[in-house]
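Single-structure report; data block below.
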Amino acid sequence: MTIAWNQTRRLRNVTMMAVFFVFGIVCLFGGESAVGQDSDQSSRILEDFNHPDQDGFPEEWEGSRSTVTAKEAYAVNKENGRAFLKGKAANQRVFTRNIVWNPKMHPLLTWRWRVHSISDNTEIIAAIFVNLDVDFLGIPISTKYVWSATKSKGTISDGGFFRPAEVVVRSGRQPLGEWVEEEINVYEEFKEIHHHEPADHAWGISLQSGPGVEIDFGPLEVHPQ
């Protein structure tokens, strides 16, 4: 009886070990595959401006100089149920680090913007700064995508030690009052401009409304190639 009971217990233990082993293999390979497929194939919203704070400023965003004064120039608005960030007479940019984004998996960045008014002496109408890495001092390595009043589309200016590289993605003062959409392969452009691979996770995004400009920023999304 004792021998039979011991054999039964050993058999049960071996069976349980086999079950746990198979379960682990499924989780390790099948689970990672499922997550990878979702990451590869689905687009992601980085910011849709649907969560303003009590002052109408997007949650977990800050001003590059002062968040207090940034709230005077930037505010979340809604139109036909769709939220957007309005910038008006701004003297600084606003930024967030609260993003989960691997630019190698989702290299395409899209956004919409709509300009309402531009002062006569304005050069930079608006800009989006994409930070995909940091340098050896921990300073973000930025690429600044610009709507320029005068520079030609495709113009690239190298950055300096504390300055971002600049790429003109739209040129001219038109159209006014219409949403226009941009799509940039920020991963490929980062490698081309900065001559190395970006980090596995982006470091943040900034938006800038030019001085003397009133402009709206729509949702920021990333997509697989």
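The number of residues in segment 39-84 being more than 30 Å from Met105 (Cβ to Cβ), touching a strand residue (DSSP E or B) at 6+ places or on another chain (Cβ under 6 Å), exposed (fewer than 14 other Cβ atoms within 10 Å of the Cβ) and without any contact (Cβ under 8 Å) to a residue 60 or more places away in the chain comes to 1. The set of residues from segment 123-139 being part of a strand (DSSP E or B) and over 14 Å from the mean Cα position of the chain (by Cα) comprises Ile124, Ile125, Ala126, Val134. The sole residue among Ile156, Ile215, Ile193 that is under 21 Å from Phe95 (Cα atoms) and touching a residue at least 24 places away in the same chain (Cβ under 8 Å) is Ile215.
Residues that are in contact with a Gly (Cβ under 9 Å, 6 or more places away or on another chain), buried (at least 17 other Cβ atoms within 10 Å of the Cβ) and not charged (D, E, K, R) within segment 106-131 comprise Trp111, Trp113, Val115, Ile118, Thr122, Ile124, Ile125, Ala126, Ala127, Phe129, Val130, Asn131, listed in sequence order.
Considering segment 99-115 alone, what residues qualify as being outside any strand (DSSP E or B) and hydrophobic (A, V, I, L, M, F, W, C)? Those that are outside any strand (DSSP E or B) and hydrophobic (A, V, I, L, M, F, W, C): Ile99, Val100, Trp101, Met105.
Which strands (runs of 3 or more DSSP E) sit wholly inside segment 38-98 and have at least 3 residues that are closer than 17 Å to Val115 by Cα?
Output list reads 74-79, 82-88.
The residues listed here are Gly159, Gly210, Gly218; of these, the one that is crowded, with 20+ Cβ neighbours inside 10 Å, over 19 Å from the mean Cα position of the chain (by Cα) and in the same structural domain as His51 (by TED's automatic domain parsing) is Gly210.
The values are calculated or read from the model by the stated rules, or taken from the named source; none is laboratory data. For clarity, every value in this text was computed on a predicted model and none was experimentally measured. For neighbour counting, all protein chains shown are included, and Cβ atoms are generated from backbone atoms with ideal geometry for every residue, glycine included.
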